[in-house]
Protein chains: 2
Amino acid sequence: MSVIYPRRQRQLQSLVKKLGLSAQAPLKWELLDLALTHPSISESANYEQLEFVGDAVVRLVAALVLWENFHDARVGDFAAIRSVLVSDRILAQLAGSYGLELYLLVAGSAYGDKAGQESRLADAFEAVLGALYLSTNSLELIRPWLDPHFKQLAAEISLDPARQNYKAALQEWTQGKYKTLPEYRVTQLTPPTHNQERFVAEVWLHGRKLGEGKGRSIKAAEQAAAKVAFLAIEPPQ
Amino acid sequence: MSVIYPRRQRQLQSLVKKLGLSAQAPLKWELLDLALTHPSISESANYEQLEFVGDAVVRLVAALVLWENFHDARVGDFAAIRSVLVSDRILAQLAGSYGLELYLLVAGSAYGDKAGQESRLADAFEAVLGALYLSTNSLELIRPWLDPHFKQLAAEISLDPARQNYKAALQEWTQGKYKTLPEYRVTQLTPPTHNQERFVAEVWLHGRKLGEGKGRSIKAAEQAAAKVAFLAIEPPQ
């Protein structure tokens, strides 16, 4: 196990305090240190394996919060809500609310990579969850502070399960129901039309076209197609 | 909570014994009963929500087994191995080894649906894991009997992480690395060629073609394309 220098130890203690955990919590500090070490610092001693564990931890916490608080929701809604809860966007947002970027060790060019910041924060957040889980082999250092966030977010998301991300919602639905992914076929219109919606996407499942949409980018066209498909399977209530 | 009839209670006790759990284990029997009730029996009181919880539980157990026993593996291998461990095929196989089909209540046409048996068993298996987790809010009723299976399977799979399922392996890799899915574009050759490999699939990621393959079915062509792509990113060792 690596040595943690006093300055780093104080940093980590400050984060733990922000999470509302006691200074006497049975924490494996060397794991927390690792969780906040980006691969640009070390190829082998970084947060990647902890992130892998934390990815499963965060899915479990999300599932438990839904099970305990949204018992009447349909399983399709569970899946759609969870896909938002565990998205990079939400995890990075939570990480930001605890100032995780202040504790994350990043080196060199990765440091200046602002575009990658969201996924970096989300990854490190998952890794921190992995470190906390492995400290006690339980969720006891996690649920007390993460549950309230997830409960509130889930309540908001449940009003609009797709939360504008129809591709993710549709994918959760097809994965859950058919264990398969929808397929997107994108065509670029030539010459570009005047309003610049120059991509046309179709979304297919098992040889059947579920929807079609246009957009200024491939992503936008796919989202438009996914929205048509998703709303057809989950009519607005 | 529903009443469990004595005959059903004896059935469930016999299953719990097979899992090696003590008859005094702090089990929520009504959840175990629900975990073994197919949606064809009841639209609302069935295993679907427990399966949703169990899906996260099984991913966590797989991650923990990999963390504890395969510490030197690369994260890409972790992802590929886990995708096999939590696949319907493996989960149905484990379910079968405990004779889960004997305990699963199924009604009507679903009963005769042999083709759906694998996913039904895998789903019920996940639901049982969900029920066991929720009984103690921990993995203590699960890891003692599931860990040895996963350890042995992971050791086998680590010799061939893609395990012939290159689409799943490639998807795990692109999800882990780029948070996105590869896209398949399939064309049907007309007229069909003599050897009947009449589908050509291309696999794309971020506007770049990763591989191409042919097959007698769309699925086979996609697997062939995924194999080319996966072996290019993960050279055989």
Highest-fluctuation residue, B:ALA92, B:ALA155, B:ALA124 considered, GNM on chain B with Cα pairs under 10 Å
B:ALA155
Neighbour-count order for A:ASP72, A:ASP113, fewest beta carbons within 10 angstrom listed first
A:ASP72, A:ASP113
What do you get for the angle between helix A:75-85 and the principal long axis of chain A? Use alpha-carbon atoms, 0 to 90 degrees, nearest ten.
60 degrees
What residues have an amide H closer than 5 Å to that of B:LEU105, excluding those fewer than 5 places away on the same chain, when H is modeled at 1.01 Å from N in the peptide plane?
B:THR37, B:HIS38
Per 5 Å bin, what is the whole-percent P(r) computed from every C-alpha pair distance within the stretch B:166-233?
4, 21, 28, 22, 13, 7, 3, 1
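Is there a pair in A:LYS167/B:LYS214; B:LYS17/B:LYS167; B:LYS179/B:LYS219; A:LYS227/B:LYS167 whose C-alpha atoms are over 32 Å apart, and which pairs would that be? Display every interim value, and only then the final one.
Values: A:LYS167/B:LYS214 28 Å; B:LYS17/B:LYS167 38 Å; B:LYS179/B:LYS219 23 Å; A:LYS227/B:LYS167 25 Å.
Long pairs (Cα-Cα over 32 Å): B:LYS17/B:LYS167.
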Taking amide H positions as placed in the peptide plane 1.01 Å from N, state which residues far from B:LEU210 in sequence (5 or more) or on other chains have amide H under 5 Å from it.
B:VAL203, B:TRP204, B:LEU205
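Counting each pair of different Cα atoms once, what's the Kirkwood radius of the protein assembly as shown in Å, rounded to one decimal? Each step should come with its number before you reach the end.
Numbers: mean 1/r = 0.0419 Å⁻¹.
Taking every pair of different Cα atoms in the protein assembly as shown, averaging 1/r and inverting gives 23.9 Å.
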Work out from phi, with θ = phi - 60° and the Karplus expression 6.51 cos²θ - 1.76 cosθ + 1.60, the ³J(HN,Hα) of each residue of the stretch A:57-71, listed in order in whole Hz, and give x for Gly and Pro.
4, 5, 5, 5, 4, 4, 4, 5, 4, 5, 4, 7, 10, 10, 4
Note the full-extension length gain between B:SER40 and B:GLN13 as 0.36 nm times their separation in residues minus their Cα-Cα distance, in nm to one decimal.
7.4 nm
Cut-off 15 Å, label point 7 angstrom out along Cα-to-Cβ of A:SER138: give me the residues of the stretch B:1-44 whose amide nitrogen falls inside.
B:26
Using alpha-carbon coordinates, inclination of helix A:88-97 to the longest axis of chain A, degrees:
40 degrees
Here the correct list, in nm and shortest first, of distances from B:LEU159 to the same site in the other copies, label points 7 Å along Cα→Cβ, is 5.6
Per 10 Å bin from zero, what fraction in whole % of the C-alpha pairs of the stretch A:1-112 is there, up to the bin with the longest pair?
12, 37, 33, 15, 4
Copies of A:GLY96 compared via label points 7 Å along Cα→Cβ give distances in nm, shortest first, of 4.9
What's the percent breakdown of Cα-Cα distances in chain A across 5 Å bins, shortest bin first?
1, 6, 12, 15, 15, 13, 12, 10, 7, 4, 2, 1, 0, 0
When each copy gets a label point 7 Å from Cα toward the beta-carbon at B:LEU189, what are the spacings between them in nm, shortest first?
3.5
Applied in sequence order to the stretch B:142-148, the curve 6.51 cos²θ - 1.76 cosθ + 1.60 (Karplus, θ = phi - 60°) yields integer Hz couplings, x standing for Gly and Pro, of 10, 4, x, 9, 7, 3, x
Taking neighbour Cβ counts within 10 Å as the exposure measure, how do A:PHE125, A:PHE150 sort from fewest upward?
A:PHE150, A:PHE125
Which of A:GLN9, A:ILE81, A:PHE125 sits closest to the plus end of the dipole of the stretch A:6-158, meaning its Cα is farthest towards the positive end, when Lys and Arg get +1 and Asp and Glu get -1 on the C-beta?
A:GLN9
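Where a number appears in this text, it was derived from the coordinates with a stated rule and is not lab data. Predicted model only: the values in this text are computed from it and were never measured. Neighbour counts run over all protein chains shown; Cβ positions are idealised from the backbone, glycine included.
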